[in-house]
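Peer 1: Quick one: this structure, given as structure tokens, is what I'll be asking you about.
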Amino acid sequence: MPIRPRTDTAELLQADVELQPLPREFYARSALVVARALIGKCLVRGHPSGDQRVWPITETEGYIGAHDLACHGRFGETPRTAVMFGPAGQWYVYFIYGMYWMLNVVTNTPGVPAAELIRAAGPANVPGKLTKQLGITRVENGLPVEPASRLWIADAGVRVPRRELVRTPRIGVDYAGEWKDKLYRFVWTKA
DNA sequence: GCAGTGATCATA
DNA sequence: ATGATCACTGCC
């Protein structure tokens, strides 16, 4: 049976829940710890009007450093990957296949190219649709993950039971040798 | 299973 | 300048 990310957000969030930004230290940890911890946190997209969309994160993938042969940082720092080598808590957004923007959060410490790909949140169950629906492009690349960027991550107090969390290999990294089979993808499944 | 799409990077 | 590659998606 295929693994389906959980997308029924209405039952998860109280209307008056208080959204707290995560401290910088949250991101300054190893990529896998952060990838797991992001499940159940909320992606928040603000608009100038004051409206905001709050989408629980349901699927992430960790890319852990230059030695990870699936990681963009494996060839060293380039113009595209520079953000990954910088401090934690910034967005890394890149364009792929001529069509899609991918949203990642930089983690770990400066010099270690590590990040989480946010693959699904709220009603968006694939990474390309997530960025399209939220209007995320290269504009967000390098911005800090905080409310002032109008794209940030909040703790809404949602707890994810262990039995609803599944780990699998990462998607689309068959070229990565032994690293393609590492269980670095985290999915919040429906109960 | 695979076409479509264009930035990125290495090579020259 | 050129060509291979690509952390994808939707439709066959």
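Peer 1: Which ones in the range A:96-108 are touching a residue at least 24 places away in the same chain (Cβ under 8 Å), hydrophobic (A, V, I, L, M, F, W, C) and either closer than 19 Å to A:Phe75 by Cβ or not in a strand (DSSP E or B) (or both)?
Peer 2: A:Met99, A:Met102, A:Val106
Peer 1: May I pose another question? Take A:Pro113 and tell me if it is crowded, with 24+ Cβ neighbours inside 10 Å, within 16 Å of DNA strand B (Cβ to nearest atom) and of a type outside the set (S, T, N, Q).
Peer 2: Values: crowded, with 24+ Cβ neighbours inside 10 Å: yes; within 16 Å of DNA strand B (Cβ to nearest atom): yes; of a type outside the set (S, T, N, Q): yes.
In short, yes.
Peer 1: Would you be able to say whether some residue in the range A:153-161 is of a type in the set (Lys, Arg) and either outside any loop (DSSP other than H, G, I, E, B) or within 13 Å of DNA strand B (Cβ to nearest atom) (or both)?
Peer 2: No, because not a single residue in the range A:153-161 is of a type in the set (Lys, Arg) and either outside any loop (DSSP other than H, G, I, E, B) or within 13 Å of DNA strand B (Cβ to nearest atom) (or both).
Peer 1: Checking A:Val93 against (1) part of a strand (DSSP E or B); (2) farther than 21 Å from A:Ile171 by Cβ: exactly one of these is not met. Which one?
Peer 2: (2)
Peer 1: Let me ask something else. Name the one entry in A:Arg167, A:Arg80 that is within 16 Å of DNA strand B (Cβ to nearest atom), more than 17 Å from A:Trp55 (Cβ to Cβ) and not in a helix (DSSP H, G or I).
Peer 2: Going through A:Arg167, A:Arg80 in turn, the sole match is A:Arg80.
Peer 1: Are any residues in the range A:83-103 closer than 22 Å to A:Gln133 by Cα and within 14 Å of DNA strand B (Cβ to nearest atom), and if so, which ones?
Peer 2: Correct list: A:Tyr92, A:Val93, A:Tyr94, A:Phe95, A:Ile96, A:Tyr97, A:Gly98, A:Met99, A:Tyr100, A:Trp101, A:Met102.
Peer 1: Sticking with this one: Need the failing condition index for A:Gly111 against (1) without any contact (Cβ under 8 Å) to a residue 40 or more places away in the chain; (2) in contact with a strand residue (DSSP E or B) (Cβ under 9 Å, 6 or more places away or on another chain); (3) not in a helix (DSSP H, G or I), just the number.
Peer 2: With respect to (1) without any contact (Cβ under 8 Å) to a residue 40 or more places away in the chain; (2) in contact with a strand residue (DSSP E or B) (Cβ under 9 Å, 6 or more places away or on another chain); (3) not in a helix (DSSP H, G or I), A:Gly111 is out only on (2).
Peer 1: Failed condition for A:Thr78, given (1) more than 10 Å from DNA strand C (Cβ to nearest atom); (2) closer than 20 Å to A:Pro127 by Cβ; (3) of a type in the set (Val, Ile, Thr), with all others met?
Peer 2: (2) is the only condition that A:Thr78 fails.
Peer 1: With A:Arg119, A:Arg167, A:Arg138 as the choices, which residue is more than 8 Å from DNA strand C (Cβ to nearest atom) and closer than 19 Å to A:Leu38 by Cα? Let's see the steps before the verdict.
Peer 2: On the way: A:Arg119 fails: more than 8 Å from DNA strand C (Cβ to nearest atom); A:Arg138 fails: closer than 19 Å to A:Leu38 by Cα.
Answer to the selection: A:Arg167.
Peer 1: List the number of the failed condition for A:Ile118; all other conditions in (1) under 14 Å from the mean Cα position of the chain (by Cα); (2) within 16 Å of DNA strand B (Cβ to nearest atom) hold.
Peer 2: In the conditions (1) under 14 Å from the mean Cα position of the chain (by Cα); (2) within 16 Å of DNA strand B (Cβ to nearest atom), A:Ile118 misses (2) alone.
Peer 1: Being within 13 Å of DNA strand C (Cβ to nearest atom) and either among the polar types (S, T, N, Q) or within 21 Å of A:Thr58 (Cβ to Cβ) (or both) is the filter here; which residues of the range A:97-112 pass it?
Peer 2: A:Tyr100, A:Trp101, A:Met102, A:Leu103, A:Asn104, A:Val105, A:Val106, A:Thr107, A:Asn108
Peer 1: I'd like the full set of residues that are surrounded by fewer than 15 Cβ atoms within 10 Å (Cβ to Cβ) and modelled with pLDDT under 95, limited to the range A:18-46.
Peer 2: Residues satisfying the conditions are A:Glu18, A:Gln20.
Peer 1: Next question. Examine the range A:136-151 for a residue that is under 17 Å from A:Pro56 (Cα atoms) and within 16 Å of DNA strand B (Cβ to nearest atom), and state whether such a residue exists.
Peer 2: Within the range A:136-151 (the criterion being under 17 Å from A:Pro56 (Cα atoms) and within 16 Å of DNA strand B (Cβ to nearest atom)), the answer is yes, since at least one residue qualifies.
The values are calculated or read from the model by the stated rules, or taken from the named source; none is laboratory data. Here the structure is a predicted model, which is why all the values come from computation and not from measurement. Note: ideal-geometry Cβ built from the backbone for every residue, glycine included; neighbour counts use all protein chains shown.
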